[in-house]
Amino acid sequence: MRTIVITGGTDGMGAALARHFLSAGDRVAVIGRSRAKFDALLAAVGDPSAVERAEFVAADLSLMADSRRVVAQLTARFEQVNALVLAASYIRRHRHVTAEGHEASWALFFLSKHLLVTGLAEPLRASGRPVIANTSVPGAKAEALDFDDPELTQGFTFGKSNAQQRRANELLGILATRDIPDLSYVTWGPAGLVRSSFAGEVGAGMKIAATILGPLIGQQPDDAVRPLIDLIDNPTPGRAAYRGHKPVPLVVGLHDEQDATRLGEVAEAAEDET
Ligand SMILES: NC(=O)c1ccc[n+]([C@@H]2O[C@H](COP(=O)([O-])OP(=O)(O)OC[C@H]3O[C@@H](n4cnc5c(N)ncnc54)[C@H](OP(=O)(O)O)[C@@H]3O)[C@@H](O)[C@H]2O)c1
């Protein structure tokens, strides 16, 4: 039986993946904040055996302490993790600092992912053909990341913050594939708008997209994640990026290997502070 770990597995595309893999007979660990949403997804699967195979880990992944606890709980519980899906999302238009002192979006969309990827390396390695599926829209510019101020204490904009995380998550693939032999690291974004919960403090434009455009042109989460399910079921070692089922080129900068190493150091320093 495969073990699939899904952050943000209580809602939107993460929940669609959790329902799919539970229905397919896999063991699924769902990480999120809402137990009620987890109970609702189990009820939606409607298979009594899924209750035995599903596990809920409550955590606020914008906090390093919670992210570390998740790693400790999962490594104590599972010798092997076949797939790690990173889909927790909370959109913030404005800069917000967590109780631990980190910029919240950088913490949730990158530092926590870095902690999970490095912390779960051993059970991922043990599975033989591991997959990390990182739902971070690929294609941000190579120079999007400010290594000297990744938490954007100066000049925060939503666009900059978003581009930084996306670039960092592509570079995280370099670190992960160095560390985990035969890893398939997929940076994946949906082909278009998906009718998800759009969790967060979204602006007027995004609210309109979610409430008006979503029902008109948005895909249902269950349909949107089909290409990702195929990529998880048929892993190809190495790094790759996709929008829906369409491969897109990985961004290649002048110094990607060095940038990845530097990013790892920046992440470890930030994590050590907390
Ligand atoms: N929807 C789209 O059109 C779209 C487009 C491009 C990319 N994406 C990307 O696809 C991924 C999934 O997005 P989605 O729209 O399907 O998500 P969503 O419906 O907004 O759900 C967000 C999920 O993240 C969890 N979450 C939020 N804050 C958290 C925190 N601090 N700690 C732990 N869990 C937290 C939520 O769980 P709780 O409610 O239990 O806390 C929920 O399960 C994201 O990476 C997003 O950026 C989505």
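For segment 6-58, the set of residues classified as closer than 21 Å to Phe198 by Cβ and among the acidic types (Asp, Glu) consists of Asp11 only.
When the residues of segment 225-265 are filtered to those that are touching a residue at least 24 places away in the same chain (Cβ under 8 Å) and charged (D, E, K, R), which remaining residue is surrounded by the fewest Cβ atoms within 10 Å (Cβ to Cβ)? If we take residues in segment 225-265 being touching a residue at least 24 places away in the same chain (Cβ under 8 Å) and charged (D, E, K, R), then Lys246 is surrounded by the fewest Cβ atoms within 10 Å (Cβ to Cβ). Here Gly173 meets each of (1) within 21 Å of Ala241 (Cα to Cα); (2) surrounded by fewer than 23 Cβ atoms within 10 Å (Cβ to Cβ) with one exception, condition (2). The one condition from (1) touching a residue at least 40 places away in the same chain (Cβ under 8 Å); (2) buried (at least 17 other Cβ atoms within 10 Å of the Cβ) that Arg195 does not meet is (1).
The set of residues from segment 203-242 being part of a strand (DSSP E or B), out of contact with any Ser or Thr (no Cβ under 7 Å at 6 or more places or on another chain) and closer than 19 Å to Ala83 by Cα comprises Ala240, Tyr242. Taking the conditions (1) closer than 23 Å to Glu265 by Cβ; (2) within 13 Å of the ligand (Cβ to nearest atom); (3) crowded, with 23+ Cβ neighbours inside 10 Å in turn, Val117 satisfies each one other than (2).
Each residue in segment 104-120 was checked for being closer than 15 Å to Ala72 by Cβ and in contact with a His (Cβ under 6 Å, 6 or more places away or on another chain), and 0 pass.
Among the criteria (1) at pLDDT 95 or above; (2) under 27 Å from Leu22 (Cα atoms); (3) in contact with an Asp or Glu (Cβ under 8 Å, 6 or more places away or on another chain), the one Leu152 does not fulfil is (2).
Among residues of segment 83-103 that are of a type in the set (Phe, Trp, Tyr), those with a beta-carbon under 7 Å from a residue that is part of a strand (DSSP E or B) at least six positions away or on a different chain give the pairs Tyr90/Gly200. Taking residues in segment 149-164 that are in contact (Cβ under 8 Å) with a residue 12 or more places away in the chain, and partners anywhere that are among the acidic types (Asp, Glu), the pairs with Cβ atoms closer than 7 Å and at least 6 places apart or on different chains are Glu151/Glu103; Leu152/Glu103; Gln164/Asp146.
Could you check segment 186-213 and list, in sequence order, the residues that are more than 6 Å from the ligand (Cβ to nearest atom) and over 19 Å from His94 (Cα atoms)? Before you say what the answer is, go through the steps one by one.
To start, the set of residues in segment 186-213 that are more than 6 Å from the ligand (Cβ to nearest atom) comprises 186-188, 191-192, 195, 200-213.
Those that are more than 6 Å from the ligand (Cβ to nearest atom) and over 19 Å from His94 (Cα atoms): Val186, Thr187, Trp188, Ala191, Gly192, Arg195, Thr211, Ile212, Leu213.
Within segment 176-192, the set of residues being surrounded by fewer than 18 Cβ atoms within 10 Å (Cβ to Cβ) and of a type outside the set (D, E, K, R) comprises Pro181, Ala191, Gly192. Residues of segment 68-113 that are within 10 Å of the ligand (Cβ to nearest atom) and assigned to a loop (DSSP other than H, G, I, E, B): Ala87, Ala88, Ser89, Tyr90, Thr98.
Of the residues that sit in segment 34-81 and are of a type in the set (Ser, Thr, Tyr) and more than 15 Å from Thr10 (Cα to Cα), which one is surrounded by the fewest Cβ atoms within 10 Å (Cβ to Cβ)?
From segment 34-81, those of a type in the set (Ser, Thr, Tyr) are 34, 49, 62, 67, 75; that's our starting set.
Of the ones still in play, those that are also more than 15 Å from Thr10 (Cα to Cα) are 49, 62, 67, 75.
Working: Ser49: 10, Ser62: 25, Ser67: 27, Thr75: 15.
Residue satisfying both the conditions and the ranking: Ser49.
The values are calculated or read from the model by the stated rules, or taken from the named source; none is laboratory data. Note that the structure is a prediction, hence the values are computed from the model and not measured. Positions of Cβ are generated from backbone atoms using ideal geometry, with glycine treated the same way; all protein chains shown enter the neighbour counts.
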